[in-house]
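First comes the structure, then the notes that go with it.
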C-alpha cells in the first residue's frame with residue numbers, strides 16, 4: 001500500500017514538474033528574461049539599460065564629439081554652431097540625435113520603417129531618452145511628425161507617432177496629436193537642401209492649438225537630415241508653443257549633393 005502511494009506521489013510530482021516546465025516556457029515567451037540585441041540578434045540581459053550587445057556597441061555610429069548646438073550635426077572644427085545654422089532661421093531651439101545615420105543604425109531604421117518592425121520603436125525611444133539625459137524634464141508634451149491618411153494606411157503605421165508613444169511611456173510626458181500633414185509631398189531623398197524646404201512649404205498645420213498653448217514641446221521624428229521636416233512642423237507650432245525642440249534616432253550628415261546650390 002505504502003509502495004503504491006509512493007508511486008502515485010511520484011507520478012503526481014512528475015505531472016506537476018511538466019506543468020511548471022510548460023508554464024515557465026509560456027512566461028518566457030511573454031516576459032523573456034533575455035531580450036535580443038536590436039542590431040545583431042544576440043541575447044542580452046540589459047535591454048532596458050542598453051538594447052544592444054557589447055560587440056555592436058563598439059561599432060555603433062554614436063553622434064559624439066563636437067556637434068552643432070542647434071541641429072546636432074557633427075562639426076569638423078571647434079565651432080559651436082554649424083555654418084548652415086548660422087545663416088538659416090530655425091523654428092526649433094535645439095535637436096537631439098543619439099546616432100548618425102550610418103551602418104547598422106541605418107539598416108535598423110530602414111527595417112523599422114520599410115519592413116514594419118514596430119517592436120524597434122521601444123529600443124529607439126530608450127536610446128533617445130538616455131541621450132537626452134536630464135534635458136527630457138525640460139518639456140511638457142511630446143508631438144510627432146504626422147503623415148497623411150493615405151501614406152499612413154500604405155505603411156500601416158506612423159513611425160514617428162509610435163516613437164512618441166514609446167517615449168511617452170518612458171518619460172510620462174503626454175503625447176499630443178496637434179499636427180496634421182495637409183498633402184503628400186515628393187520623396188525628400190530625391191531633393192537637395194533647397195528643394196526639401198520648398199517641397200514641405202505649408203505641408204503641416206496645427207489642428208489642436210490648446211494642447212501646445214504655452215507648452216514646451218518636444219517634437220519627434222525618426223531621422224533628421226536637412227531639418228526641413230522638423231522646421232516646417234515647428235514653424236506651424238511656433239505661433240502657440242512656448243518653445244520647441246526636436247529629437248530623432250539618427251542625424252543624417254549633409255553630403256555635398258544635398259547642399260549644392262544652397
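Derivation of every value follows stated rules applied to the coordinates shown; laboratory data play no part. Quick caveat: nothing in here was measured; it's all calculated off a predicted structure. Heads up, the Cβs are rebuilt from the backbone with ideal geometry, glycines too, and the neighbour counts pull from every protein chain shown.
Neighbour counts of other Cβ atoms within 10 Å put 141, 207 in the fewest-to-most order 207, 141. If you sort the three axes of the alpha carbon gyration tensor as a ≥ b ≥ c, you get a/c of 1.5 or more for the range 111-152 and a/b no higher than b/c, which makes it oblate. Find the centroid of the Cα atoms in the range 46-110 and in the range 135-172, then give the distance between the two in whole Å. A separation of 19 Å, based on Cα centres. Look at 226, 100, 149 and count the other Cβ atoms within 10 Å of each Cβ; fewest to most, that gives 149, 100, 226. Given the range 66-166 reduced to its alpha-carbon atoms as identical point scatterers, what log10 I(q)/I(0) does the Debye formula return at q = 0.10, 0.12, 0.14 Å⁻¹? Normalising to I(0) and taking log10 leaves -0.35, -0.51, -0.68. Annotation: extensible slack from residue 64 through residue 242 equals 61.2 nm (criterion: 0.36 nm per residue apart, minus Cα-Cα distance). Note on residue 93 and residue 169: with the Förster distance fixed at 22 Å, the Cβ-Cβ geometry gives a FRET efficiency of about 0.35.
From the Cα gyration tensor of the range 67-259, with a ≥ b ≥ c the square roots of its eigenvalues, which class applies: rounded if a/c is under 1.5, or else prolate if a/b is larger than b/c, or else oblate? The shape class here is rounded.
Annotation: the residues 165, 232, sorted from fewest to most other C-beta atoms within 10 Å of their own C-beta, follow the order 165, 232.
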